[in-house]
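Have a look at the structure below before the remarks.
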Amino acid sequence: MTYFLTQLANGLSYGLILGLIAVGFVIVFTSTGVLNFAHGSVLLSGAYLVASLQGPIGFWAAAAVGVVGAAVLGVLINALLVRNLAEANPGTAAILMLGVDIVLLTELTRRIGNNVLSIGAPWGADVVSVGGITLPTSRVVAAGLAIVVFGLLWFLFARTGAGIAMRAAAADSDTAAMMGVRPSRTGAAGWALAGALAAVAGIFLASFPAPGVAPTLALSSFAAIPAWVLGGFDSVVGAIVSGLIIGVVTALAVGYEAELHFLGRGLGEVVPYAVMILVLLVRPSGLFGRKEAVRV
Amino acid sequence: MSDLIRRGPMVLGLLVALALPLLLDDFWLQTGLFAMASVVGAIGLTLLVGVAGQLSLGHAFFAALGAYTYAWTVGDPAGQEAGLGLPPLVALVLAGVVSAVVGGLFSPISGRLRGIYLGLATIGLVFLARHLMVNLEALTGGFNGRTVEPFSVPGFSFSNAAPDYLAVAGVQFEGLHRLWYLFLGIAVLSAWLGRNLRAGRTGRALANVRDSEVAAAAMGVNVARAKATAFVISSAYAGIAGALMALAYGRIAPDLFGIQLSIDFLVMIVLGGLGSIAGATAGAVFVVALPLVLAQYSSQLPFLAAPGSGGLDAATLARLLYGAAIIAVLLFLRGGLAGAASRIRHRRSAHQRGTGGPPLVPTPSPDPSGATEPPPSQPAVSTRSEEKS
Amino acid sequence: MRNGTRTTLAIAGCCIVALAACSTKDPNASGNGSGGQSDVKAGAGVTDDAITVGMLTDLSGPFAAGAAVQVAETKAYYAQVNKDGGVCDRQVKVDVQDHGYDPQKAVTLYRSMAPNVLALQQVLGGPTSAAVLPLAQADHLYLGGFGWAGNSLKYDNAQIPGTTYSVEAANAIDYLVDELGVKKGDKVGVVYFTGDYGNDSLAGAEYAAEKRGLKIVPQEITPKDTDMSAQASALKKAGASAVILAAAPPQLASLAGVLASQKVNVPVIGHAPTFNPALLDSPAGPALLKNYYAFTSTAPYSSDEPGVKKAVDLYEAAAPKGAKGFEVPLAYAQAELLTDAMKGACEAGNLTPEGVVEAMRKTSDLDLDGLLTTSLDYTDPSQPPTRTVFVSRADADTPGGLKLGETFEGPSGKGYTFK
């Protein structure tokens, strides 16, 4: 039982971090219609900033710079590239982001080399033990922070003018524009939010129990894609809930691999996608997706 | 006259492609084989994405299916991995058929999801494929992969054997040379089929679905069925492309069919210009050849740092240039490579005719005579109707 | 329509011309192109005053950093060889190409290199070398240094610098039982990458566990997984008394750290690619210092043996600020192996790719002054040239982070049979 609860806690805390990344996908997609293939390298850029600055200026200041830096990077990508596409449509935008990803990732790989840069967080390799369940402190902090961030996002979208403008633009950009919502502003806000969330996720994904900042960190954004799709592409709540589902299912598949051997080895990698395809077979618009998105 | 202008470059390109093996060394021959295999896959994807408006990131899955189907069908029944020992020609056809059938099985999803949503859903297939390739060892050879028997027709092998020695105009024709013509033939056939498909009834129905599903449904098109059909066709193309890749490699393993391959196919068609067969061809050649050429020749640039010294080395520069090239095409070339080419052609023919056509056309407009192909740039998910067919 | 007819005619005409130029008789069939007047037959990549050897490596992909170290060391090695008069009275040139860990690039670049090199000292990476190996075998081209995976023993042109991952893992199990007090019936976890590297290690561990009465708890991962919490919990639940990790440094840091945080202090064993000295400064550092053992085929950077000393001096002169790691002795050892084979081919009067492979396969007793554990015997392509491994411990004050303990060969390492 303790074992089950440990894996469950592992999965939930990991799932909350996946949720941070998946929400970034959702916000960029709803605000500018872009499938952001460069999300992973934005995440890595933020984490790299933190790791390389934490020595000289301390962890907390570095974390602030990293989060702001990733947000600015997102805004710049949107303003300089996405808005200047020769023809704006989701297909070309997605490929544009692939190009951006190649450039960013190549440069970061060159800078990091084969080092694993320490993120220098104050929680180090500490762990918290409650009733026989041991969880890394970083994961507990991550879970707490993610819940706070999700609360703030709710407040932003439900209670502030800027957030309502973003939602309106996402739901119907033409009507929103007629009502005075500036799509350039909501787009920039979306990219900034997504970049900041990615950097926060990056900090925790580079903290213990993970080793630090290495180029492979950029791949972690791929792990959030099933969560995004499962949640329904355009639903922030869906992304958070699906993040949790994917996190838990993955942790249990790995934890009980010995018992699930008949399904083949290396189950942890395929299970998120298997869950995603199964859900889409039943609900093509995902768990929380708007029906409009797929209406025939 | 317009017929010659239209066909001229194509015929010339074909003649050049026929003659090239006489001049090229192995590096370029191998590059050409990979490029032509990719051309077939890219045409299939551009029919799905550009014509039907459906996005797929599962192309690598169907390529893998085709590759392993081919290897399994021609495989030695007594060999290490299972095989049927059937003739290669049967295997090539089967590669397309099996991929098409599996593409059809996916229709509950491919018929209901639209555009970019389908694209993301199909990512799952690639990871599923990897799991199967690694775990179904008897069939696939597991992570080590399995060897692929060379292609042959009775009396002639597309490898270095049977006949052992073959020369054309003094150039010895080895396996790579012979495969070149096989690949060229299949690529041309795929392009021809793709063109007819796009211009025919099916293509028009798919274009209607892309532009407005409601309007298409009102006109009597079964929307779900049309979308599933497009997916099946594109899967068949991917299967053939996979079989060609298997032949070009000589040995296949799960690592060859990762998500990167799906993404590469998508890059090819978007760079080339969505929906255009010629664009898909140009995009495939660009995506396959550019990194290879950069890798091959960038090391000769004098101003670069030695690898490992921490400076900007040739390999890093090549990768950066590749990324920058993708960005530049998308920012500055409307309609991708095909769009740019048709603009140039348009401009030139306007000059030649000396008629009152606009001298510098900022955006391409369809030739009123209908002789030139319609502008290929159609959004993957569009709500506006621009098609006039 | 007239145009169409004309086109068809033109194409048909071309075909006829091409067919007329066809021939199936080989004008050179009677003899191979001879290598000039000198008494040494010269093949691809050899001129009267130069030899070209190739390195097909990853300078822009995931292994770029380590690969760059090997390129720097190899170039320094041949610069020294050339200063001392070269090989077979010829200067050695190194042709380095970057495949970026992409099999398609690797195959294509191989095609461009094969006609112009005498041998390939290195093709780096699992999927890339798997794609190139069959081609190189068809061309009878010497191919070295793609790691230590056992399935390369299928190829007689492949050189393994030491023993295989499977033999390393089998020796590790022996060492656990004989030296570290692991008892019959205990469980040993194996956390491994899917692929030729990880699965080879697992095969060796499973063989040895059966011989020594242990039980293996396998956990498969991919390079993408850098958080080993779930794997560590599973190993703790199974009660593993040791772990073998056939993965990369990020996984090692995570696994060792999580195990230590759960108060599971058991030996963690890795291969050469598992470790990186930078990990000792990470939060997992203390756990590694306490529990990490490296089982490797090539000597650690800090070894005192003369061969390693030479390699390190050369490297530190060539790249004073370069990263210190197992890549330095490895690259030096591979250059020594290839040079030895080229010299052998020269003496046999057959300086061709086939000649180099033949010379390697005649090497029965080559000693590399402590770069590798024992003297090497390459005469049987189906067996690794040695079965003895280096056992090292993590040490913060040693350059390269690993301190050499001893060389070791156990009964399972000796007896492991290759499928």
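The values are calculated or read from the model by the stated rules, or taken from the named source; none is laboratory data. A quick note: this is a predicted structure, and the numbers were derived from the prediction, not measured. Positions of Cβ are generated from backbone atoms using ideal geometry, with glycine treated the same way; all protein chains shown enter the neighbour counts. Side chains are part of the model used for accessible areas, which takes the heavy atoms of the whole protein and leaves out ligands, DNA and RNA. Shrake-Rupley method; radii C 1.70, N 1.55, O 1.52, S 1.80 Å.
Working only within region A:18-57, note down all residues that are in contact with an Asp or Glu (Cβ under 9 Å, 6 or more places away or on another chain) and surrounded by fewer than 24 Cβ atoms within 10 Å (Cβ to Cβ).
Hits for region A:18-57 are A:Phe29, A:Thr30, A:Phe37.
Out of (1) open to solvent by 10 Å² or more (accessible area, probe 1.4 Å); (2) more than 13 Å from A:Gly195 (Cα to Cα), what's the single condition that is false for A:Gly15?
With respect to (1) open to solvent by 10 Å² or more (accessible area, probe 1.4 Å); (2) more than 13 Å from A:Gly195 (Cα to Cα), A:Gly15 is out only on (1).
Find the helices (runs of 4 or more DSSP H) located wholly in region B:102-190 whose residues include 1 or more that are charged (D, E, K, R) and at pLDDT 80 or above, and list them.
B:115-135, B:137-140
Return only the number of the condition from (1) farther than 28 Å from A:Leu152 by Cα; (2) within 9 Å of chain C (Cβ to nearest Cβ); (3) among the hydrophobic types (A, V, I, L, M, F, W, C) that A:Val270 does not satisfy.
Going through the list (1) farther than 28 Å from A:Leu152 by Cα; (2) within 9 Å of chain C (Cβ to nearest Cβ); (3) among the hydrophobic types (A, V, I, L, M, F, W, C), A:Val270 breaks only (2).
Name the one entry in C:Ala345, C:Ala333 that is in the same structural domain as C:Val81 (by TED's automatic domain parsing), under 24 Å from C:Ser303 (Cβ atoms) and surrounded by 24 or more Cβ atoms within 10 Å (Cβ to Cβ).
Working: C:Ala345 fails: under 24 Å from C:Ser303 (Cβ atoms).
Just one listed residue meets the conditions, C:Ala333.
If C:Phe63 meets every condition in (1) closer than 19 Å to C:Tyr101 by Cα; (2) crowded, with 24+ Cβ neighbours inside 10 Å apart from one, which number is that one?
Evaluating C:Phe63 over (1) closer than 19 Å to C:Tyr101 by Cα; (2) crowded, with 24+ Cβ neighbours inside 10 Å leaves (2) as the failure.
Among the candidates B:Gly96, B:Gly119, B:Gly115, B:Gly58, single out the residue that is of a type in the set (Gly, Ala, Ser) and away from chain A (no Cβ under 13 Å). Please lay out each step first, then the result.
Working: B:Gly119 fails: away from chain A (no Cβ under 13 Å); B:Gly115 fails: away from chain A (no Cβ under 13 Å); B:Gly58 fails: away from chain A (no Cβ under 13 Å).
On inspection, the qualifying residue turns out to be B:Gly96.
With the condition kept exactly as written, say whether any residue in region A:242-252 is surrounded by fewer than 24 Cβ atoms within 10 Å (Cβ to Cβ) and under 13 Å from the mean Cα position of the chain (by Cα). Outline the logic, then answer.
As a first pass, look at region A:242-252 and keep what is surrounded by fewer than 24 Cβ atoms within 10 Å (Cβ to Cβ): A:244-245, A:248-249, A:252.
This time we only want the ones that are under 13 Å from the mean Cα position of the chain (by Cα), so: A:244.
Among the residues of region A:242-252, at least one is surrounded by fewer than 24 Cβ atoms within 10 Å (Cβ to Cβ) and under 13 Å from the mean Cα position of the chain (by Cα), which makes the answer yes.
For region C:145-257, list the strands (runs of 3 or more DSSP E) that sit wholly inside it and hold at least 3 residues that are more than 14 Å from chain A (Cβ to nearest Cβ); which are they?
Per the criteria, C:240-246.
Looking at this structure, is A:Val294 hydrophobic (A, V, I, L, M, F, W, C) and at pLDDT 85 or above?
It is false that A:Val294 is hydrophobic (A, V, I, L, M, F, W, C) and at pLDDT 85 or above.
Any chance region B:196-209 includes a residue that's open to solvent by 20 Å² or more (accessible area, probe 1.4 Å), touching a residue at least 60 places away in the same chain (Cβ under 8 Å), part of a loop (DSSP other than H, G, I, E, B) and within 20 Å of B:Gly103 (Cα to Cα)?
no
Against the condition modelled with pLDDT of 85 or more, touching a Gly at 6+ places or on another chain (Cβ under 6 Å) and open to solvent by less than 30 Å² (accessible area, probe 1.4 Å), how does C:Met113 come out, does it pass?
Yes; evaluated as a whole, the condition is true for this residue.
For region A:200-210, state whether one or more residues are among the β-branched types (Val, Ile, Thr), within 10 Å of another protein chain (Cβ to nearest Cβ) and open to solvent by 10 Å² or more (accessible area, probe 1.4 Å).
Within region A:200-210 (the criterion being among the β-branched types (Val, Ile, Thr), within 10 Å of another protein chain (Cβ to nearest Cβ) and open to solvent by 10 Å² or more (accessible area, probe 1.4 Å)), the answer is no, since none of the residues qualifies.
What's the number of the condition B:Met133 fails, among (1) within 14 Å of chain A (Cβ to nearest Cβ); (2) surrounded by fewer than 24 Cβ atoms within 10 Å (Cβ to Cβ)?
Tallying (1) within 14 Å of chain A (Cβ to nearest Cβ); (2) surrounded by fewer than 24 Cβ atoms within 10 Å (Cβ to Cβ), B:Met133 fails exactly one: (2).
Identify all residues within region A:176-193 that are hydrophobic (A, V, I, L, M, F, W, C) and over 16 Å from A:Leu49 (Cβ atoms); write none if there are none.
Answer for region A:176-193, where residues must be hydrophobic (A, V, I, L, M, F, W, C) and over 16 Å from A:Leu49 (Cβ atoms): A:Ala176, A:Ala177, A:Met178, A:Met179, A:Val181, A:Ala188, A:Ala189, A:Trp191, A:Leu193.
Can you pull out the residues in region C:167-203 that are out of contact with any strand residue (DSSP E or B) (no Cβ under 9 Å at 6 or more places or on another chain), buried (at least 22 other Cβ atoms within 10 Å of the Cβ) and either of a type outside the set (Gly, Ala, Ser) or free of Cβ contacts under 8 Å to residues at least 12 places away in the same chain (or both)?
Those that are out of contact with any strand residue (DSSP E or B) (no Cβ under 9 Å at 6 or more places or on another chain), buried (at least 22 other Cβ atoms within 10 Å of the Cβ) and either of a type outside the set (Gly, Ala, Ser) or free of Cβ contacts under 8 Å to residues at least 12 places away in the same chain (or both): C:Val177, C:Asp196.
Condition test on C:Phe418, is it open to solvent by 30 Å² or more (accessible area, probe 1.4 Å), among the aromatic types (Phe, Trp, Tyr) and touching a helix residue (DSSP H, G or I) at 6+ places or on another chain (Cβ under 7 Å)?
yes
Could you please give the count of residues in region C:273-286 that are in a helix (DSSP H, G or I) and either open to solvent by 10 Å² or more (accessible area, probe 1.4 Å) or more than 23 Å from C:Asp174 (Cα to Cα) (or both)?
The number of residues fulfilling the criteria is 8.
Are any of the residues in region A:150-167 within 14 Å of chain C (Cβ to nearest Cβ) and either farther than 16 Å from A:Val237 by Cβ or modelled with pLDDT under 90 (or both)?
There is no residue in region A:150-167 that is within 14 Å of chain C (Cβ to nearest Cβ) and either farther than 16 Å from A:Val237 by Cβ or modelled with pLDDT under 90 (or both).
Take the conditions under 24 Å from C:Pro250 (Cβ atoms), surrounded by fewer than 24 Cβ atoms within 10 Å (Cβ to Cβ) and modelled with pLDDT under 90 and apply them to C:Ala230. Does it pass?
When the stated conditions are applied, C:Ala230 does not pass them.
Looking for something on the phi > 0 side of the Ramachandran plot and either out of contact with any Pro (no Cβ under 9 Å at 6 or more places or on another chain) or open to solvent by less than 50 Å² (accessible area, probe 1.4 Å) (or both) - is there at least one such residue anywhere in region B:96-114?
There is no residue in region B:96-114 that is on the phi > 0 side of the Ramachandran plot and either out of contact with any Pro (no Cβ under 9 Å at 6 or more places or on another chain) or open to solvent by less than 50 Å² (accessible area, probe 1.4 Å) (or both).
Take C:Ser375 and decide whether it is at negative phi and without any contact (Cβ under 8 Å) to a residue 12 or more places away in the chain.
Yes: the conditions hold for C:Ser375.
Which residues, counting only those in region B:319-329, are open to solvent by 10 Å² or more (accessible area, probe 1.4 Å) and either at the interface with chain A (Cβ under 7 Å from one of its Cβ atoms) or in contact (Cβ under 8 Å) with a residue 24 or more places away in the chain (or both)? Working first, answer last.
To start, the set of residues in region B:319-329 that are open to solvent by 10 Å² or more (accessible area, probe 1.4 Å) comprises B:319-322, B:324-325, B:327-329.
B:Arg319, B:Leu320, B:Leu321, B:Tyr322, B:Ala324, B:Ala325, B:Ile327, B:Val329, listed by residue number.
Just to verify a result, which residue in region A:126-139, among those that are closer than 16 Å to C:Ala287 by Cα and open to solvent by 40 Å² or more (accessible area, probe 1.4 Å), is nearest to the other protein chains (Cβ to nearest Cβ)?
Looking at residues that are closer than 16 Å to C:Ala287 by Cα and open to solvent by 40 Å² or more (accessible area, probe 1.4 Å), I get A:Val127.
Has region C:75-88 got any residue that is part of a strand (DSSP E or B), at the interface with another protein chain (Cβ under 10 Å from one of its Cβ atoms) and either farther than 26 Å from B:Leu261 by Cβ or of a type in the set (Val, Ile, Thr) (or both)?
No: zero hits.
Scan region B:77-92 and report the pairs whose first residue is surrounded by 14 or more Cβ atoms within 10 Å (Cβ to Cβ) and whose second residue is outside any loop (DSSP other than H, G, I, E, B) and basic (Lys, Arg), with Cβ atoms within less than 7 Å and a gap of 6+ or a chain change.
Here the result reads B:Glu81/B:Arg146, each pair linking region B:77-92 to a residue that is outside any loop (DSSP other than H, G, I, E, B) and basic (Lys, Arg).
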